[in-house]
1. Quickly work out the D147-to-N369 label distance, labels modelled 7 Å from Cα along the C-beta direction, and quote it in nm with one decimal.
2. Find how much the distance from K123 to N533 grows on full extension, using 0.36 nm per residue of separation minus their present alpha carbon separation; answer in nm with one decimal.
3. Exceeding 31 Å between C-alpha atoms, which entries from my cross-link table qualify? They are K112/K464; K223/K409; K229/K409.
4. Bin width 10 Å, origin at 0, all Cα-Cα pairs of segment 414-469: what percent of pairs per bin?
5. Before rounding to the nearest 500, sum -39500 (n - 2.57) across all DSSP H runs of length at least 4 in the chain and divide by the residue total; then give [θ] at 222 nm in deg cm²/dmol.
6. So, in Å, what gap is there between the alpha-carbon centers of segment 509-547 and segment 211-267?
7. Kindly state, to the nearest 0.05, the FRET efficiency for D328 paired with Y18, given R0 = 51 Å and r defined as their beta-carbon distance.
8. Please list, short to long, the whole-number percent of alpha-carbon pairs of segment 25-121 in consecutive 10 angstrom bins beginning at zero.
Amino acid sequence: MKKEVQLVFDDSRILDIYKGTTVREVLREINDDEIVALKINGSVVSADYEIMEDSYVNYIMLNDRTGGKIYLNGLKYVYIKAIKDLYGSKSEVYVKHALDKGLYTEIKINKKVDASVITEIKKKMKEICNRNFPIKELSVTRNDAYDYFKSIGEEEKMINYTFMTNDSVTMYELDDEYNYFYYIMPASTGTLKRFDLTLISDNGILLSYPINNIVPKYTPTTKVLEAFKDCEKKLENIGIKYVADLNTLITEGKISDLIQTNEIIYDRNMNDIASKIAKDKNIKAVFISGPSSSGKTTTSKKLAMYLKSMGVDSMVISTDDYFVNREDSPRKEDGSYEFEIIDALDIKLFNSHLKKLISGDEVVIPTYNFILGEKQYKNKPVKLNKNQILIVEGLHAVNERLNQVIPRKNKLKLYISPFTTISLDRHNHISTTDVRLLRRMVRDYQHRGYSAEDTLTNWMGMRKSEETYVYPYQRQADIIVNTSLGYEIGVLRAYAEPLLFSISKESQYYEEAIRILKFLKSFLNIPSIYVPNVSVLREFIGDSYFE
């Protein structure tokens, strides 16, 4: 019988297939566990997609950003199914958030969660993977999906469908286990054999997955987990756990009250930290760091205001003004400049100025001209008064190399990030990294005129640097500060959606844009008019009091 369709792969391989052959069947023919999905003519498609024409095909590898997302999506499904199979359909699984290169989850089952339970779940997961069950994509009516989740008591998913206008929705089936996930699944469980589980609290389990072909071991990050839990508790106290709760408040006309209450929670945190500093006469300097788009600028200036209200004066400086001159900047392997690492800063000069300021001497703080790529000395000399505190904000501010001249008892280190606790539903968490990306994308466009593609190009390189030069230093922090706002994605959506839609299908970031758009559509828009001008969110959407 004549073959009707030809596939040309990005490694020059050519495969002739029959029209209507599914991606699942093609993947079975390729038989490579490193390939988790395929991109057909520029679009990543599900395993049940039928190929009807000659096509150019790209492999989606496990180590790709998209491939990693797909792998983790499938692994979550296997994890949930294993727990339901072992402990009954009434067992509850909550996928919470990322934690130290893994995914923090909590489970409620009919027995105490201990080491033996971890062993049982791992064994069951491996069994499911070894049986290589297909993960099937289903198109069902919105009403049927609503009725199904109502019947099994997953109310937040049921409510989500009331805010959808689609006549049909996508669900998945794994060996008679049905569920909803907002992004594409791998073709089968057979590719999901690499994972680990770690018990890290009474009913909290870390699900680890391959990163660069290695499943990393969990390194305890107790303060970060506490920051997540504290924020989650505070949001639940004001009725916000899932996007369904947020959307319900919007439709009831209560969003303004929610925003103000959420801002009070954030400000109270700043007040508590300021009180701690004001009471400790040993503290001479506060260092605030965190990954890109954490809200370091607003947090440092707000902290200064709260200290002022307590009679403590302060001076705020940024490490961004201490970059080395462009010709001295470190370079990446491809020859481009590397701005995200600590060695891009003039460490010697910074420590010299730090020492002089703490000693009460005058210094001229530079202003870095990013266009010319050089430090400029146009500011008037400044010095710290006897009872004045120095506040330093910057990507690497808590790194000891930037403050080694100050004794440990004389400094307080804050690590900040928008640790996102609001979820789409119990099985679909929202990545803190995605929230930071949305913040960065909006700010880049609003304040710098960058396109979404520009942001994504810079973002991917920056993320790699953060893994090495930022995240490990959160363990040096005295206090972890959560700068997330439970309502912010609803505000960011109106700004980010047009930018994401501008990314063409030919772009290497097209699939990333589609993935983000898929979870954004679950949020109703929130008008930015309700956001106070002193909010950390204003740092990104504009009109901040601190600009």
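1. Taking the simple label geometry, N369 and D147 are separated by 7.1 nm.
2. On the way: separation 410, 0.36 × 410 = 147.60 nm, distance 5.24 nm.
Extra length available between K123 and N533 comes to 142.4 nm.
3. Working: K112/K464 39 Å; K223/K409 20 Å; K229/K409 28 Å.
Long pairs (Cα-Cα over 31 Å): K112/K464.
4. Values per bin, smallest distances first: 21, 43, 32, 4.
5. The helix-only estimate for the chain comes to -12000 deg cm²/dmol at 222 nm.
6. Going from one Cα centre to the other spans 16 Å.
7. Efficiency, from the Cβ-Cβ distance: 0.25.
8. So the P(r) values, bin by bin, are 13, 36, 25, 20, 6, 0.
The values are calculated or read from the model by the stated rules, or taken from the named source; none is laboratory data. On a predicted model such as this, the values are computed, not experimentally measured, just so you know. Glycine also receives a Cβ, built like all others from the backbone with ideal geometry; neighbour counts cover every protein chain displayed. Just the protein is used for accessible areas: all its heavy atoms, side chains included, with ligands, DNA and RNA removed. Shrake-Rupley method; radii C 1.70, N 1.55, O 1.52, S 1.80 Å.
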